[in-house]
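Below: the structure, in structure tokens.
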Amino acid sequence: MANEVIPGEVIASGVPMQRPGQKRENLKRAMSEISPVQLLSMLVFVSAFVAIVAGMWMWGQSGEYRVLYGNLSERDGGAILEALQQQNIPYKFADGGGALLVPSDKVHEIRLRLAAQGLPKGTNAGFELMENQKFGISQFLEQINYQRALEGELAKSVQTLASVQFARVHLAIPKPSVFVKDQQKPSASVVLTLYPGRVLDPGQINAIIHLISSSIPNLQPGNVTLVDQSGAMLNALREPGADSLDESQRKYIRQIEHDYNKRIEDIIAPIIGVTNVRARVTADIDFSQTEQTAESFGPNQNPKLSAIRSLQTEESRNGKDVPAGVPGALSNQPPVPATAPIVAPAVASAVTAAGSESSSHKESTTNYEVDRTIRYTRVPLGTIKRLSVAVLVNNKMVTDSKGKTVSVPFTPAEMTQLNNLVRNAVGFSAQRGDSINVLNTAFNEPAEAPVPDLPIWKQPEMIEIAKISIKYLMMLIAGLYLFFGIIRPAYRNLVEILTPPPPPEALEEKKHPEEEDAAQREIKEKKSAISYENSLQAAKQIASERPKIVASVIQEWVGK
């Protein structure tokens, strides 16, 4: 189809301007000339190009993913996926759908958003059951809902442990009674589902049992039954024997021994060096609890020095006192001094006999305080019964007369000083039966080889930087290859297809200088290679084949 030129339009660069519908006609003509195989190849190429660009963009935008939630129920999983899709948050599945992954930089933000929506709700309902109470509900249903809420809250608390995957709690709470003999103690049963390959140690079992018992009034730890998913009763693991120690007591013993070891090493290390002393202490701890009450009485003391507790005096008299005796000088004399004669005077006897008509009785009782002592003794729990201390000391390093460093044992005087330091550090007591053994010998330890520094290409930071650099470098290379190897050639081919061919006159005018130069070069070559006849024949042949070129050459000659 010949191109039409609108009259009056300016021709620029030898190409005429096209009318408005010319480009659409050229496109239709180019599409009609494309075969179905070429069209299919073009569509496949465009689709592959778009897929490659989209994949590179997603690869560049994709970051590290972390676990948002794991082991979700189907109900919670569907609600969470719906919320993520509404918020246009990308997510992935891992572990066969058991874990939900989201971009690592948005994990905490997404959790807060889901928590604001009440997700995940979980299979154990807690005190949220009490929020939607119906009007007119019976007391029995209220009690049942409260018990269910309490069981759900306890199950949620147990599930926070790292080894517990799922927990279920059953409570048996009896009805309160006003009669003491009819009162019953509550009990609890807990079923645990542990993660594969994980077990609970006795300390964790005790923690779960005390957590349940502390949450229910009057629930004793012995009334809590703990069972795992295989049916094994875990309470047996926490019940120590008669002669065994629980974990807290073992921890206390280890702490005591560690403190004594550190005391010994801290006081000897400045003398002989930190690496030249080894100390081990074995502590015998008494965990028995003893209470004792003693009452003692002291010997009698001097009554004058003792405190009077009580004093009782009793006096009685019978009859009347009638004057008797012969009046005269003898009866009017003062009484004689108080003596204890063997034979009383006759006058006195007469007077007494004469006045014996009355009698008197007097009693006096004095009670003194008794020296009494009451002593109440309670032995503290975890007292040290005995310490066994073993200290190993390396030989000291000295320089001999030749300037060499040699290992020399300590002298007896120095060993005595070290022994005294150890005794004072641990508080040695012969009454407890403590034993201390300090031994001096040469250590047989190989010299530690210096650890070489990691080369720069093996350091984790440099490896991470190299990974990121290689990632973006590959993206750059792939982008350059797509641009220069695929996009640019495809664009040129498309431009050539859509660009209309120039008219023959413009093509001849445009190619005239080039063809002219080519003819001149051709003539010069033939003139230099062949003789005049051959040149004449060649010129005639050229003139017959390309008369326009020959005419332009002659025109140029005439112009010069």
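The values are calculated or read from the model by the stated rules, or taken from the named source; none is laboratory data. All values reported here derive from a predicted model rather than from experimental measurement. We work out accessible area using only protein heavy atoms, side chains counted, and drop any ligands, DNA or RNA first. Shrake-Rupley method; radii C 1.70, N 1.55, O 1.52, S 1.80 Å.
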Item checked: Heavy-atom accessible area ranking, 1.4 Å probe, most first, across LEU473, LEU482, LEU392 -> LEU473, LEU392, LEU482
Check: Do any of LYS106/LYS251; LYS156/LYS185; LYS134/LYS175; LYS134/LYS156; LYS92/LYS134 go past 30 Å between their Cα atoms, and which?
Finding: LYS106/LYS251; LYS92/LYS134
Item checked: Long-range amide H partners of LYS396 with built H, under 5 Å -> VAL408, PHE410
Note to self: I need the phi-derived Karplus couplings for the range 418-431: 6.51 cos²θ - 1.76 cosθ + 1.60, θ = phi - 60°, integer Hz, Gly and Pro marked x.
What the structure shows: 5, 4, 5, 5, 5, 4, 6, 5, 9, x, 4, 9, 6, 5
Check: So how exposed is SER306, as accessible area in Å² (1.4 Å probe, rounded to 10)?
Finding: 30
Margin query: Using each residue's phi in the range 82-92, evaluate 6.51 cos²θ - 1.76 cosθ + 1.60 at θ = phi - 60° and report the 3J(HN,Hα) Karplus result to the nearest Hz, with x for Gly and Pro.
Written below: 4, 5, 5, 5, 5, 8, 6, 9, x, 8, 9
Item checked: For the range 250-305: rounded, prolate or oblate by the Cα gyration tensor [a/c cutoff 1.5] -> oblate
Item checked: Rounded accessible area of THR293 (nearest 10 Å², 1.4 Å probe) -> 100
Margin query: So, taking all protein chains as they sit and a 1.4 Å probe, how much accessible area belongs to ILE468, in Å² rounded to tens?
Written below: 80
